[in-house]
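Chemist: If you scroll down you'll find the structure; I have some questions about it.
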Amino acid sequence: MIKPTTASNIANMADTDDTFDPIAYLNHPRWQEVKPGLERISALMEALGNPQDGLKFVHVAGTNGKGSTCALISSITREAGYKTGLFTSPYIVAFEERIQINGTPIPYEELTRITLTVKAAADALPEHPTEFELMTAVALCYFAQAQCDLVVLEVGLGGRLDSTNVIATPEVCVITSIGLDHTAVLGASLTAIAREKAGIIKPGSRAVSAPQAPLVSSALAFTCTCYYVPLVTVDTASLTGTNADFSYTASNGITYEHLSLALAGAYQRTNAAVALEAALALREQGWAIPDEAIVRGLACASWIGRFQVIEVGDGSPSCPVTVIVDGAHNPDGIEALVQALREYRVERSFEHKPVLVMSVLADKDYETMIRALAPEVSAVYAATPSNPRALSAAHVASAFEAVLPTTPITTCTSIAQAVTRAVDHARCNTPSSEKPLVVCCGSLYAVADYLAALDLLS
C-alpha cells in the first residue's frame, strides 16, 4: 500500500526518472475512457494525502466561455497580488499549458516528478483513474506544493461528477453559458445539463452565472436556493460599448466605465462581466481585490484560440490577409463566433465575406454549426482534425454543399493545406479595394494546427 502524501511533503515526491515521459503516460489510450464519477478521484486524492484540502478555489463550469473566463479571473486575482493557479483543458499548443501558476506553465521537470508520484498512487488502486482524473491530481498536487493563494479550476465535463468536483466548498462557483453539448453523457435537455453543471455549487460558496436560457436559469436558481447560496447573473443590458472601451453596471450598483479587453470577439465582453462579478464575489468572501486590479486584469488577459486575430503576409506588405482563429466547437459557440464576426467586420470595414476553414469532431452537432456559418462565408476549405473523433473533411464538405450549392467548397488533405489554400483564395478573390479575411474554426483540437500553419505563412 502506498504511503499517503500530504500537502506539506509533496515537495519530497519521487525523484525525476529520466526515462519517464509524463505526457505519454497521462495521454495513454488505456486511461482515456470517459467515466463520470468521484470514486476514483476521491480514492486517488486520499492516497496522495488530499492536498486539495489546503487550497482555495474558484470553480468554473459551463458549455462555452470557460477557458476565457478562467483566464480573465486568473488575470484579475494575479493583479490583486495573489499567487494564482490555473487548471484548464484541453491544451492548445503545449501540454503544460493546462497547469499554470501566475501565467507560467508547469515546468516539465515538475510535471515529471509529480506525475511519477501520482502514477504510484494510481497503480495501487483497485480501479485505475482516467486520464482527466490523473491530470486533475497532478494539478492539485502542484498547486498545493507551490502554496497557491487561490486556484481557478475549470471543469472538464459537466460538473457534478467531474473529477474537479473532488474539492470541498469553493470560494466562488462560476457557471458560464450553458448549451446542448456532450448530451450522451450529460443529458439530452438543457435542464438536465444545467443540473449537472450546477453540481459544483456547494453550501457556503457564492455563485455567478452568465446569461442563460430560462430553463437553465431556473435550474441554477433552484440549486442555489436549496443551498442558501447567493446567485448573481450577468445582465447583458448593463454592457455597453466595444472591447476597446466598454462599461458594465455590476450587481453592486457600481458602473465600471472605460473597461478594455485584449481578447477579441463581442462575446468576450460577457465573459469579462462574469469575471468581474466573480471578483466581486471573492471580495464578499474576504479577498482583497481592488477595482484597479479588476480593470488591469481584464485589460491584460490573453487566451489562445479565442477569436485570435493574426495578420499573414506573403512577403509583400501590400497584400496581407487577416485570419481569425476561434475554437468554437458547438452550435452556441458558433453562434457567438458569427455575432462577433459580424461586429468585427463592421468595425474593421471588411465588406467581402471571409473564406472559411472548417474542421470538426463527428460527435458534435456539425450540421447546425454549418447552417449558422453558411450565410457568412464566400468559400469553404474542409479539413480533418487530428483526433480519433474527427469528422472527415469529405463529410464536412458534403454538409456545406447541401446548404451552399453555388459556393466554392474544397476538401483538403490536411489542416495545413486547408489554411494555405484558404489564405491564397482570399488574397486572389477579394476585390483589390477590400481587405481579405479568413476564419478558421470548428474544434479546439484544431487550433494548434491552425496556428502552426499560419506561422509558416507569416
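Chemist: Using alpha carbons only, how many degrees (0 to 90, rounded to 10) separate the axis of helix 214-226 from the longest principal axis of the chain?
Modeler: 10 degrees
Chemist: For Thr19 and Val403, what is the calculated FRET efficiency with R₀ set at 60 Å and r taken between the beta-carbons, to the nearest 0.05? Don't jump to the answer; show the numbers that get you there.
Modeler: Working: r = 52 Å, r/R0 = 0.87.
It comes out at approximately 0.70.
Chemist: Using Stokes-Einstein with the Kirkwood hydrodynamic radius over Cα pairs, what translational diffusion coefficient do you get for the range 226-287 at 25 °C and a viscosity of 0.890 mPa s, in µm²/s rounded to a whole number? Each step should come with its number before you reach the end.
Modeler: Values: Rh = 12.3 Å.
So the translational diffusion coefficient is about 200 µm²/s.
Chemist: So in the range 161-268, what percent of DSSP beta bridges are antiparallel if you round to the nearest 5?
Modeler: Working: 7 of 14 bridges.
The antiparallel fraction comes to roughly 50 percent.
Chemist: Taking every DSSP beta bridge with both residues inside the chain, roughly what % is antiparallel (nearest 5)? Walk me through the intermediate numbers first.
Modeler: On the way: 19 of 53 bridges.
Looking only at bridges with both residues in the chain, the antiparallel portion is about 35 percent.
Chemist: Take the alpha-carbon positions of the range 59-198, form their convex hull, and give its projected area averaged over all directions (one quarter of the hull surface) in nm². All intermediate terms of the calculation are to be shown ahead of the outcome.
Modeler: Details: hull surface 35.1 nm².
For the range 59-198, the mean projected area of the Cα convex hull comes to 8.8 nm².
Chemist: Next question. Once label points are set 7 Å from the Cα along Cα→Cβ at both Val309 and Arg389, what is their separation, rounded to one decimal in nm?
Modeler: Spacing of the two 7 Å Cα→Cβ label points: 3.1 nm.
Chemist: Amide H neighbours of Val438 under 5 Å, at least 5 residues apart or on other chains, H built in the peptide plane: list them.
Modeler: Result for Val438 returns Thr322, Val323, Ile324, Val355.
Chemist: Need the list of lysines near Lys353 for cross-linking: C-alpha distance under 18 angstrom, and skip anything on the same chain fewer than eight residues off.
Modeler: Partners found: Lys435.
Chemist: Sticking with this one: Per Stokes-Einstein, at 20 °C and 1.002 mPa s, what whole-number D in µm² s⁻¹ belongs to the range 197-254, with the Kirkwood radius over Cα pairs as the hydrodynamic radius?
Modeler: Working: Rh = 12.7 Å.
In µm²/s, the coefficient is 169.
Chemist: Enumerate the whole-percent occupancy of each 10 Å bin, from 0 to the last occupied one, for all C-alpha pair distances of the range 7-300.
Modeler: With 10 Å bins starting at 0, P(r) equals 7, 29, 35, 22, 7, 1.
Chemist: Which pairs, out of Lys83/Lys364; Lys56/Lys119; Lys35/Lys66, put more than 30 Å between their alpha-carbon atoms? Kindly include the intermediate steps, with their values, before the conclusion.
Modeler: Details: Lys83/Lys364 37 Å; Lys56/Lys119 25 Å; Lys35/Lys66 21 Å.
Lys83/Lys364, as the Cα separations exceed 30 Å there.
Chemist: At 7 Å along Cα-to-Cβ for each site, give me the label-to-label distance between Ala452 and Tyr228 in nm.
Modeler: Going by the 7 Å Cα→Cβ label model, 5.4 nm.
Chemist: Could I ask something else about it? To test your reading of the geometry: what angle, between 0 and 90 degrees and rounded to tens, separates the Cα axis of helix 131-145 from the longest principal axis of the chain?
Modeler: 60 degrees
Chemist: Give me the number: length gained by fully extending Ser433 to Glu367, i.e. 0.36 nm times residue separation minus the C-alpha to C-alpha distance, one decimal in nm. Working shown, then result.
Modeler: Values: separation 66, 0.36 × 66 = 23.76 nm, distance 3.39 nm.
So the extension gain works out to 20.4 nm.
Chemist: Rounded to the nearest 0.05, what FRET efficiency is calculated for Ala299 and Ala124 with R0 set to 45 Å and r the Cβ-Cβ distance? Provide the component values of the computation, followed by the final result.
Modeler: On the way: r = 47 Å, r/R0 = 1.05.
Efficiency, from the Cβ-Cβ distance: 0.45.
Chemist: Turning to a different aspect of this structure: Helix-derived [θ] at 222 nm for the chain: sum -39500 (n - 2.57) over DSSP H runs of at least 4, divide by residue count, nearest 500?
Modeler: Values: 15 runs with 175 residues, N = 458.
Taking each H run of at least 4 residues, the total per residue is -12000 deg cm²/dmol.
Chemist: Calculate how steeply helix 267-284 sits against the longest principal axis of the alpha-carbon atoms of the chain, using the helix alpha-carbon long axis, and give the answer as 0 to 90 degrees to the nearest 10.
Modeler: 20 degrees
Chemist: So what's the gap between the Cα centers of the range 219-272 and the range 396-455, to the nearest angstrom?
Modeler: Cα centres, the range 219-272 to the range 396-455: 34 Å.
Chemist: While we're looking at this one, here's another question. Please report Rg (one decimal) and Dmax (integer) in Å for the Cα set of the range 304-397.
Modeler: 13.9, 42
Chemist: Around Asp291, under 15 Å between beta carbons, what's the net of Lys plus Arg minus Asp minus Glu among the other residues?
Modeler: On the way: positive: Arg283, Arg296; negative: Glu79, Glu257, Glu277, Glu284, Glu292.
Around Asp291, the surrounding residues sum to -3.
Chemist: For the range 342-450, what ratio Rg/Rh do Cα atoms give with a Kirkwood hydrodynamic radius?
Modeler: Values: Rg = 13.3 Å, Rh = 13.9 Å.
Expressed as Rg/Rh, it is 0.96.
Chemist: Right, something else. Please state, as a whole number in µm²/s, the translational diffusion coefficient that the Stokes-Einstein equation yields for the range 395-458 at 25 °C and 0.890 mPa s, with Rh defined as the Kirkwood radius across alpha carbon pairs.
Modeler: Numbers: Rh = 13.0 Å.
Estimated diffusion coefficient is 189 µm²/s.
Chemist: Another question, if that's okay. At R0 = 25 Å, how high is the FRET efficiency between His258 and Lys83 if r is their beta carbon distance? Nearest 0.05 is fine. Spell out each step's value before the answer.
Modeler: Values: r = 29 Å, r/R0 = 1.14.
Plugging the Cβ-Cβ distance into 1/(1 + (r/R0)^6) gives 0.30.
Chemist: Modelled label-to-label distance, Cys319 and Glu33, 7 Å Cα→beta-carbon offset: nm?
Modeler: Placing both labels 7 Å beyond Cα along the Cβ direction yields 5.4 nm.
Chemist: So which aspartates and glutamates pass the test for Lys197, namely a Cα distance under 14 Å, with those fewer than 8 places away in the same chain ruled out?
Modeler: The reachable aspartates and glutamates, counting only those whose Cα sits under 14 Å from Lys197, are Glu154, Asp162, Asp181.
Chemist: If you rank Met369, Met358 by fewest surrounding Cβ atoms within 10 Å, what's the result?
Modeler: Numbers: Met369 26, Met358 30.
In increasing order of surrounding Cβ atoms, one gets Met369, Met358.
Chemist: To check you understand DSSP bridge types, tell me what percent of the beta bridges within the range 77-175 (both residues inside) are antiparallel, rounded to 5. Display every interim value, and only then the final one.
Modeler: Working: 5 of 9 bridges.
So the antiparallel bridges in the range 77-175 amount to around 55 percent.
Chemist: Once the convex hull of the alpha carbons of the range 229-332 is built, what does its volume come to per residue, in cubic angstrom? Don't jump to the answer; show the numbers that get you there.
Modeler: Numbers: hull volume 14.9 nm³, N = 104.
Spread over its residues, the Cα hull of the range 229-332 gives 144 Å³ apiece.
Rule-based calculations on the coordinates, nothing more; no lab input. Remember, it's a predicted structure, so these values are computed and weren't measured experimentally. Every residue, glycine as well, gets a Cβ built from its backbone with ideal geometry; the counts of neighbours run over all protein chains shown.
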